[in-house]
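Novice: Below is a structure I'd like to ask you about.
A short reminder: the numbers here are calculations on the coordinates, not readings from a lab. As the structure is a computational prediction, the values presented were derived from the model and not from experiment. When we count neighbours, we look across all protein chains shown, and the Cβ atoms used for this are built from the backbone with ideal geometry, even at glycine.
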Amino acid sequence: MPLNTQPLAGASFGCLAEFTGARDAGAVVAAAEAEPDALTNALYAANGFLLMKGMQGITEEPALLNRLSRLFGEEVENYRETGMRPTSIHTEVPEILIVSNMPPVDRPPPKRPEPPLTADGKLPVQFPHRRGWHTDQSYRRPPPDISLFYATIPSPKGQGQTLYADCIAAYEALPSSLKAKVDDLVGIHVRPGSGRTEDAVRNGDTPDPLGPYEQPQHQPVVRTHPISGKRSLYLCEAGQMDWTIGPFVGMEPGPDGEGATLLYEIMSHLTQPKFVYAHEWDEGDLVIYDNRTTLHAATWFDAEKHGRLMWRTTISGNPGAEYEGERKSWLAAE
Ligand SMILES: [Fe+2]
């Protein structure tokens, strides 16, 4: 079955992908396995974002999500082996991370931005009005390649969207003054909740002591994709950078330092509406995003009224030449 792709409505990047004639998720996965390069090629051609609709069969047969994930790389994270909270791991398929406000996960959505809408009545996407922009697990070295994100039970339309930003287009569009600053810049990333966020530093919180496998990790702010060769911006903001010693190597640290000023400038450029796609979820939607070339941010939904249940897998193993031969920073040596 051929893979058909078409541009994603409301986006300047990404594509809608479907296997012609595949009637359910099982048939889609079989078709993808029969042509193992089709989805990855489509993903890279679309700057790192694919949407597949009508994949509800995954809810009944979660192993399908794992099978599909393996087409994007051999190392699909087994969350039982990486210290994830057991309540956030799917009981049958440990490669699935559960993102939900419902028990036993109880992860609340982010707060609403203030004000909740832009001056022209739109969903805020641009930093710093919008907060929470990140790329998954950038606090690990080497960082992961790709995530699959599946809507088992989405929140209603108009809330609980996920925002995605095209870091390739944003890099290409950087003003030359900013491009010169970022080309050799190195960011310092750290796990959220380590007491090292922008807010924590501003509040004067004592940072948590970090164990040997939780240390802040240096990442280039500009990465070259190992397959497409495209260059893109790679950084996070308030919650996933280390604001005690960063956000950037060799620049004045802290929320009022010159590093912070530059981070605000880059993030606000990167998250301009022209680079951002806001995905409104339907049940059975599967989104595939390349963490090397996109950022994303969750949005608020009314968690008092609605239970949302999302599943994620994470694929690693092809971070690019920069990371060649490195051991995994988050795991004890075997
Ligand atoms: Fe994420």
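Novice: Let me know the Rg and Dmax you get for segment 287-334 when you use only its Cα atoms, in Å.
Specialist: Answer for segment 287-334, Rg first and Dmax second: 16.5, 48 Å.
Novice: Using a cut-off of 25 Å between alpha-carbon atoms, which lysines can reach Lys328, once sequence neighbours fewer than 8 places away in the same chain are excluded?
Specialist: Lys230
Novice: Report the residues of segment 75-107 in range of a label on Leu210: point 7 Å along Cα→C-beta, backbone N strictly under 20 Å from it.
Specialist: 82-85, by backbone N distance to the label point.
Novice: Test of understanding: what is the full-extension gain from Glu258 to Lys305, defined as 0.36 nm times their sequence separation minus their Cα-Cα distance?
Specialist: 12.7 nm
Novice: Measure off 7 Å from each Cα along the Cα-to-Cβ vector at Glu283 and Lys179, then give the distance between these two points in nanometres to one decimal.
Specialist: It works out to 4.8 nm between the two label points.
Novice: In deg cm²/dmol and to the nearest 500, what is the mean residue ellipticity at 222 nm of the chain if only DSSP H runs of at least 4 residues count, each as -39500 (n - 2.57), divided by the residue total?
Specialist: -5000 deg cm²/dmol
Novice: Still on this structure: Where both partners of a DSSP beta bridge lie in segment 3-320, what percent of those bridges are antiparallel, to the nearest 5?
Specialist: Among the beta bridges of segment 3-320, antiparallel pairing accounts for roughly 95 percent.
Novice: If you take the Cα atoms of segment 33-97, find Rg, then find the Kirkwood Rh from the mean of 1/r over all pairs, what is Rg/Rh?
Specialist: My calculation of the ratio gives 1.00.
Novice: Spelling out what I want: for every residue of segment 211-218, take phi, set θ = phi - 60°, compute 6.51 cos²θ - 1.76 cosθ + 1.60 (Karplus), and round to whole Hz; glycine and proline get x.
Specialist: These are the phi-based 3J(HN,Hα) values: x, x, 9, 10, 5, x, 10, 7 Hz.
Novice: Also, quick follow-up: What net charge is computed for the residues neighbouring Ala303, neighbours being all others with C-beta under 14 Å from the C-beta of Ala303, Lys and Arg scored +1, Asp and Glu -1?
Specialist: Around Ala303, the surrounding residues sum to +2.
Novice: Which values of log₁₀ I(q)/I(0), to two decimal places, follow from the Debye formula for segment 48-184 at q = 0.09, 0.12 Å⁻¹ with a uniform point scatterer at every Cα?
Specialist: Summing over Cα pairs of segment 48-184 leads to -0.38, -0.67.
Novice: Still on this structure, I have one more. Regarding segment 3-320, what's the average projected area of the Cα-atom convex hull, expressed in nm²?
Specialist: 16.0
Novice: Can you list the lysines whose alpha carbon sits under 24 Å from that of Lys122, skipping same-chain ones fewer than 8 residues off?
Specialist: Lys111, Lys157, Lys274, Lys305
Novice: For segment 239-254, what does the Karplus curve 6.51 cos²θ - 1.76 cosθ + 1.60, with θ = phi - 60°, yield as ³J(HN,Hα) per residue in whole Hz, taken in order and with x for Gly and Pro?
Specialist: x, 10, 10, 8, 8, 7, 10, x, x, 10, 5, x, 10, 3, x, x
Novice: R0 = 35 Å: FRET efficiency of Glu114 with Ala34, Cβ-based, nearest 0.05?
Specialist: E between Glu114 and Ala34, to the nearest 0.05, is 0.10.
Novice: Would you please put 26-32, 115-121 in order of how densely packed they are, using the mean number of other Cβ atoms within 10 angstrom per residue and starting with the highest?
Specialist: Packing order, densest peptide first, comes out as 26-32, 115-121.
Novice: Through the Karplus equation 6.51 cos²θ - 1.76 cosθ + 1.60, θ set to phi - 60°, convert the phi angles of segment 81-98 into ³J(HN,Hα) values in whole Hz; use x for Gly and Pro.
Specialist: Computed from phi, the couplings for segment 81-98 are 9, 10, x, 6, 4, x, 5, 9, 10, 4, 5, 9, 10, x, 7, 9, 8, 9 Hz.
Novice: Also, I was wondering about something else. Mean projection of the alpha-carbon convex hull of segment 1-55 over all orientations, in nm²?
Specialist: Result: a mean projected hull area of 3.4 nm².
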